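Values quoted throughout were computed directly from the atomic coordinates according to the rules given, and no laboratory measurement underlies them. For clarity, every value in this text was computed on a predicted model and none was experimentally measured. Positions of Cβ are backbone-derived with ideal geometry, glycine not excepted, and every protein chain shown enters the neighbour counts.
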Amino acid sequence: MDIGFIGLGKMGFPMARRLIEAGHRLVVYDQRKEAVDKLVSLGAKAASSPKDVADRAETVLASLPSLQASLEVATGAGGVIEGSQVKRFVDLSTVGSQMAVRIHGLLAKRGIVQIDSPVSGGVGGAEKGTLAVMVSGPRADFDATRPALEVIGKLFFIGEKPGSGQTMKLANNLLSATAVVATSEAVVMGVKAGLDPAVMIDVINAGSGMNTASRDKFPRSILPRTFDFGFATGLMVKDVRLCLEEMKSLDLSMEVAEAVGRLWEVVIRDMGAESDFTSAIKPIEQAAGVVVGGSKARAAE
Ligand code: NAD
């Protein structure tokens with residue numbers, strides 16, 4: 001099918017590439033010309049703006065880094081809202097349910113359907129097409145987008161209510177954010193007491209403490225100290241803040257989530273928004289006066 005794709009970053013690029021490889025015809029746009037050029041060399045057509053994308057495809061997908069970017073791309077001047085062909089705007093970004101509902105309302109006035117479709121599974125999942133894809137919107141439009149979304153991962157229909165996919169995604173990412181800082185605290189405690197962090201991670205992964213940080217992030221990016229997992233601290237903090245806002249809007253006060261939120265505010269303050277989110281261990285190490293992993297841990301293997 002003809003698909004528009006806007007936002008060709010760490011997640012968007014591999015998703016768009018998979019769609020081309022699956023035989024779909026893509027029209028793409030990104031503020032970064034080099035990302036567009038790379039996809040054109042793989043067979044995509046370049047567009048000059050989000051409106052241009054929406055002039056040329058009925059289904060427009062977007063994978064963007066901030067709430068403001070999604071709002072502008074969808075509803076701003078020169079945005080998808082002004083396109084002549086577009087029937088549905090599928091937002092793969094994490095924007096929270098309030099922003100999703102706002103974009104939904106603005107697009108609905110022009111007869112364009114907004115579909116929430118945040119994803120989980122990281123850059124590796126985007127490359128392999130194994131993302132968890134959390135879709136909410138009208139059933140008929142979900143069915144119309146199925147041939148495209150099935151290429152990027154496993155589909156879950158969350159419901160017809162706008163924003164439901166986002167609520168699902170924030171619940172998931174709260175757990176992902178918690179796993180990184182909680183596992184960091186556990187491992188830093190062990191290292192302070194003289195344990196080998198590589199042995200600790202092996203034990204945790206064979207035991208009941210196993211989680212996505214111990215299984216994926218520690219072996220790949222924290223123990224080798226490469227801090228290159230592919231998700232920016234700024235994006236993780238965006239998601240944690242959105243989750244806390246979502247809880248507040250539901251009149252909930254949740255203690256673990258609030259503590260996790262405070263820890264991630266320290267990470268963004270000390271490590272910066274551009275750092276990889278696996279750097280979250282560094283302020284915890286610093287407070288404890290230890291360093292986890294690196295050549296010492298490797299030599300011990
Ligand atoms: P990214 O910063 O790597 O990519 C964003 C892309 O959007 C960039 O290429 C940028 O140039 C482009 N862009 C920004 N503003 C634009 C605009 N106004 N018009 C056109 N292009 C614009 O971000 P990412 O890591 O790919 O994340 C994208 C979304 O996916 C975010 O909402 C993030 O929370 C979510 N997400 C990321 C991961 C991950 O592991 N990286 C996992 C799941 C979900």
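Counting pairs of alpha carbon atoms under 8 Å apart in space and at least six apart in sequence, what relative contact order in percent does the chain give? Don't skip to the answer; put the middle values down first.
Details: 578 pairs, mean separation 41.8, N = 301.
Here the relative contact order equals 14 percent.
Normalised by the number of residues in the range 35-123, what is the relative contact order in percent for Cα pairs under 8 Å and 6+ residues apart?
On the way: 138 pairs, mean separation 23.9, N = 89.
Value for the range 35-123: 27 percent.
Tell me which lysines have Cα within less than 25 Å of Lys282's Cα, excluding those fewer than 8 residues away on the same chain?
Result set, ordered by chain and number: Lys10, Lys192, Lys217, Lys238, Lys296.
Taking the range 1-46, which trypsin sites (Lys or Arg not before Pro) meet the DSSP loop condition and have no more than 14 other C-beta atoms within 10 Å? Don't skip to the answer; put the middle values down first.
Details: sites: Lys10, Arg17, Arg18, Arg25, Arg32, Lys33, Lys38, Lys45; in loops: Lys10, Arg32.
Answer by residue number: Arg32.
Name the residue farthest towards the positive end of the dipole of the chain from the options Gly9, Leu250, Ser214, assuming +1 on Cβ of Lys and Arg, -1 on Cβ of Asp and Glu, about the Cα centre.
So the residue we want is Gly9.
Amide H to amide H, which residues 5 or more places from Gly294 or on other chains are under 5 Å from it, using H placed in the peptide plane?
Those lying under 5 Å, H to H, from Gly294 are Arg225.
Compute the length gained on full extension between Lys87 and Leu175: take 0.36 nm times their separation in residues and subtract their Cα-Cα distance, giving the result in nm to one decimal. Kindly include the intermediate steps, with their values, before the conclusion.
Values: separation 88, 0.36 × 88 = 31.68 nm, distance 3.41 nm.
Here the segment from Lys87 to Leu175 would lengthen by 28.3 nm.
Once Lys and Arg get +1 and Asp and Glu get -1 on their Cβ, which of Ala179, Gly153, Ser97 lies farthest toward the positive end of the dipole of the range 93-198?
Toward the positive end, the furthest listed residue is Ser97.
Please report, to two decimal places, log10 I(q)/I(0) for the range 2-160 at q = 0.15 Å⁻¹ as given by the Debye formula with identical point scatterers on the Cα atoms and no solvent.
Ignoring solvent entirely, the Cα scatterers give -0.68.
Before rounding to the nearest 500, sum -39500 (n - 2.57) across all DSSP H runs of length at least 4 in the chain and divide by the residue total; then give [θ] at 222 nm in deg cm²/dmol. Display every interim value, and only then the final one.
Numbers: 13 runs with 155 residues, N = 301.
Value at 222 nm, helices only: -16000 deg cm²/dmol.
How about the range 105-164: which GluC sites (Glu not before Pro) there lie in a loop by DSSP and see at most 16 other Cβ atoms within 10 Å? Walk me through the numbers before you get to the answer.
Details: sites: Glu127, Glu150, Glu160; in loops: Glu160.
Hits after loop and neighbour filter: Glu160.
Please figure out what share of the DSSP beta bridges in the range 2-160 is antiparallel and state it in percent, rounded to the nearest 5.
Values: 3 of 28 bridges.
Close to 10 percent.
Using a cut-off of 16 Å between alpha-carbon atoms, which aspartates and glutamates can reach Lys51, once sequence neighbours fewer than 8 places away in the same chain are excluded?
Output for Lys51: Asp2, Asp30, Glu72, Glu82, Asp91.
Identify the GluC sites (Glu not before Pro) of the range 44-100 meeting these criteria: DSSP loop state and at most 14 other C-beta atoms within 10 Å of the C-beta. Walk me through the numbers before you get to the answer.
Details: sites: Glu58, Glu72, Glu82; in loops: Glu58.
Answer by residue number: there is no such site.
Evaluated at 25 °C with a viscosity of 0.890 mPa s, what Stokes-Einstein diffusion coefficient in µm²/s does the chain have when Rh comes from the Kirkwood expression over alpha-carbon pairs? Before the final figure, lay out the partial values.
Working: Rh = 20.1 Å.
After rounding, the answer is 122 µm²/s.
If the only charges are +1 at each Lys and Arg Cβ and -1 at each Asp and Glu Cβ, what is the size of the charge dipole of the chain around the Cα centre, to the nearest 20 debye? Don't skip to the answer; put the middle values down first.
Values: 34 positive and 34 negative charges, 78 e Å.
It works out to roughly 380 debye.
Explain nothing, just the number: relative contact order of the range 2-160, from Cα pairs under 8 Å at least 6 residues apart, as a whole percent. Before the final figure, lay out the partial values.
On the way: 345 pairs, mean separation 31.5, N = 159.
RCO, the range 2-160: 20 percent.
Pick from Glu185, Glu34, Glu265: which residue has the top mean-square fluctuation in a GNM of the chain where Cα pairs under 10 Å get a spring?
Result for the chain, Cα springs under 10 Å: Glu34 fluctuates most.
Suppose R0 equals 35 Å; then what is the FRET efficiency for Asp143 and Ala273 from their Cβ-Cβ distance, rounded to the nearest 0.05? Intermediate results must be reported in sequence, preceding the final value.
Values: r = 38 Å, r/R0 = 1.08.
After rounding to 0.05, the efficiency reads 0.40.
First measure r as the distance between the Cβ atoms of Ser66 and Leu250, then evaluate 1/(1 + (r/R0)^6) with R0 = 25 Å and state the FRET efficiency to the nearest 0.05.
The computed FRET efficiency comes out at 0.60.
In a Gaussian network model over the chain where Cα atoms closer than 10 Å are linked, find which of Gly163, Gly43, Gly96 has the largest mean-square fluctuation.
Highest fluctuation of the listed residues: Gly43.
Compute the acute angle (0 to 90°) between the alpha-carbon long axis of helix 197-206 and the principal axis of greatest extent of the alpha-carbon atoms of the chain; round to the nearest 10°.
The angle comes out near 60 degrees.
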